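Just so it is clear, none of the values below were taken in a lab; they were calculated from the coordinates. Everything numeric in this text was worked out from a predicted model, so none of it was measured. In this analysis, Cβ positions are derived from the backbone assuming ideal geometry, glycine residues included, and neighbour counts consider all displayed protein chains.
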Amino acid sequence: MRCETLEPHAAPVARYGPGVHGRRFLITAMVLTAFATPGDAGAETVGSSLGAPAQGWSTDSCQAQGLPAECSYVHSAGVTTEGVLTRVVVRSDGAVVAAPVVVRRESGVWRYVSVLRDTPEPEPINGAGLSTGDTVLPVRVRVSPGDRIGLRTRAAPTFLSAVGQTEVFGPSEAGPLDVLADASGEVLVQGVVEPDGDQDGYGDVSQDRCPERRDWHVACQRLAMRSSAERRIALPGSTVAFQTVVTNLGRERSGAGAVTLELDPPVAGAVVRSSAGACTAPPIVRCDFAGVDPGATVVLTTSAPGLHEPTTLRTELLLPPNAWAHASEAYNRPRVSVPTIEALRIGLVLGRARIPQVTLLCGTWLPEPCSGSLSVVRAGRHGPRTIAAPRAIRVGAGKRRIVKLRLTRAAKAALRRRSLPAAVVVTRTGLDTDPLVSSQRVTLRAAR
């Protein structure tokens, strides 16, 4: 038995910190490391382009305009695709206390979709295109086309450039929002919207590590198992090989797992070989395997010698932690049929013709009829001699049929004098293997 072990290797794991409930965020000048950059495939960048404010910074606060002390500065560029807002990037000229917001226009009025007080603390990033003074806030909010992003604050807006216009919304979270004024300056806030193919509320690029499954957000280790037999029908006494292949269809390396294999009925001398890991002894064989890389496979070969009856290989995939598989991918039961067609009885038909006949039975292991040819031979000095010309036969599945033999003249003459030892030979055709031959020794007796 040959066993090859795959060596596991560590994979980077991205984690998000816990939410900080009921508090605003101090945005400070720092160097930051992004989990997903605006250039990520499938992600959309919305809001400000975060260009450097050549004209300086605006100090046009809500209080300076006689507005409520707390208000929201919302960028006029809206979201264009359905998805999940996964991060907000803010460019400022210093420290400021603020919270990201998302607003949506419904039935002609603006409302807050989310005031992100539960956003995790800002994380240091060194992202391409991000400069000192940028702060990245990881978020997770479903957004729709037309939604806008902004910042809600009580302090002086040090995230406003001196050029451009920004809409200012009131502080109410319960009812419709009023556009209170236009601030003189662009709010330097940018969002990243990622697709959400499985509609689970997690961005498929940076947050959902398994976008193929709606209720699965951790490491995407989707394993699939496929078992098959090298042939569907086997000659009695032949050896059949079964093959079981485990494939990692996920995006990350899987953990260690195992496959159990059992032949039903048990087959003496059966051997299981694995391309990875070790296997235990029959009757229920367990083959362990180490981690499987994305797209890689583990191949198990079960050799079953001397089959004389229908045999099924029962296989079950034992999944490693954080892995999943559809039911059809975890349980396989390929089956091999060993059909028979037998000459059960031979004798003489009583009556004037006295023609020998043979009764045939088509084995019940297959749904299709048995077809082939029938002949009768006897031993001679120079090898077997045919004493009944071959003839085509067809017997329904599980049925019996009486076939009259067409003896040669010499055989008829010999049969009048003595009994003839012979053999009835049935050659079955139409199988997906070699022709199946069955024979039975008989004695043709002279009629009295």
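In summary, the convex hull built on the alpha carbon positions of segment 223-270 has an orientation-averaged projected area of 4.5 nm². Note on Q65 and R409: their simple-model spin labels are 12.1 nm apart, each label 7 Å out from Cα toward Cβ. Normalised by 2.2 N^0.38 Å, with N the number of residues, the alpha-carbon radius of gyration of segment 221-336 equals 1.05.
At an R0 of 51 angstrom, the distance between the Cβ atoms of R251 and A181 translates into a FRET efficiency of 0.60.
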